[in-house]
1. Taking 0.36 nm per intervening residue step and subtracting the Cα-Cα distance, what contour gain separates L84 from E255 on full extension?
2. Averaged per residue, what accessible surface does the chain expose to a 1.4 Å probe, in Å²?
3. Quick one: check the C-alpha center-to-center distance for the stretch 27-90 versus the stretch 145-223, whole angstrom.
4. Only loop residues by DSSP count here, and only those with at most 11 other Cβ atoms within 10 Å; note down the GluC sites (Glu not before Pro) in the stretch 232-298 that meet that.
5. Can you tell me the FRET efficiency between V192 and L29 if r is taken as the Cβ-Cβ distance and R0 is 51 Å, rounded to the nearest 0.05?
6. Just list whichever of K124/K153; K161/K224; K124/K275 have alpha carbons separated by over 20 Å in the model shown.
7. Near the amide H of L234, under 5 Å away, which other amide H atoms are found, from residues 5 or more places off or on another chain, if H is placed in the peptide plane?
8. Label the chain by shape, choosing from rounded, prolate and oblate, from the square roots a ≥ b ≥ c of the eigenvalues of the Cα gyration tensor; if a/c is under 1.5 it is rounded, and otherwise prolate applies when a/b is larger than b/c, oblate when it is not.
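The values are calculated or read from the model by the stated rules, or taken from the named source; none is laboratory data. Given the structure is predicted, the values throughout are model-derived calculations rather than measurements. Reconstructed Cβ throughout: ideal geometry from the backbone, glycine too, with neighbour counts over all protein chains shown. Side chains included, ligands, DNA and RNA excluded: accessible areas come from the protein's heavy atoms. Shrake-Rupley method; radii C 1.70, N 1.55, O 1.52, S 1.80 Å.
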Amino acid sequence: LFSCVSVMLLDIDKEYQGWILGLVGCFCLYLYFLPCVLGGCAEPTLRRVGGKLARNAHFFCVGQTLFSGLTIFLLLKILPAWNLDKFITTVAGLLSFLAGRLVEFVISSAIVFVFYVLYRLRDKIAEALGLDHVTVVRVSMKDMLPCCGSVQKPFAIYIWKVDGFDSGSWFSANNLFVEVHHGFNQSVSTRVHPQAGPGAEFKARLEMNHNPADSESPMIILVKHQLQIGSQELGRVIIPARHHDKSTTVSGQLEIGAKLGAVRWHEDTFKQPVKVGGSRGGQIWFLLRPLDEMVEGP
């Protein structure tokens, strides 16, 4: 086998030979992580294979070492610019180079890892800071491309009333109002009902735009208590932009609202209240309707 491989010399530039050897070496190194890679796959068969390899890790490592050594050895036979001594010398020099800059490598890797963690947890961090509903940049990459521009469709949010909220302050009743955030829209809100207590009847219509192609921006409805300085959130309702049950999404509720009759401030229209998440309890009656399909009643 070795004599047959020896006559298959690759007559290419030395630089390309080095790239081929480097890529094959990286691939052989990657194969050592094969049990972890297969264990994270969605296919059950691949996960079972990964589990078996992980349970027999010592046999796998020995076999992978033999496979990698044989692969590198055969590859060196067909690369005329390389031999085993040069390969070992190059690998030793690379390891020496990395060892001499180990501190800088660890610091750089730690910085990259911290930024990665912050990016993955950005939604949780924004929620902890109370900024998850705030939109800072009101443009996406799709909007910058003429062929992928989004179509904004107007719709209305009918907010009838809220009820059942505990007091947000020990010294005064709730000054209730509702604030809505969705996508790239500017936030909209009802007027404040001073000294409303646990509930208030708003009978308000708020208008916004909706992008049917946006699958990342939920609608957040906040029930708030106005303070002397700022406001306090009593609870919120989150309508997702994407869900396996389409009727619970913003687009799904707009489709359902388009099929209903005239909007009247009555239980016949606002049939089921929505429970508001938060420590203050409460519920809200609201309805989404497309503006081009909307019919208003008295």
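1. Stretched fully, the L84-E255 segment lengthens by 54.7 nm.
2. 65
3. 56
4. Numbers: sites: E233, E255, E267, E293, E296; in loops: E267.
Those satisfying the criteria are E267.
5. 0.20
6. K124/K153; K124/K275
7. For L234, the qualifying residues are V223, K224, H225.
8. On the way: a/c = 3.21, a/b = 2.72, b/c = 1.18.
Cα axes put the chain in the prolate bin.
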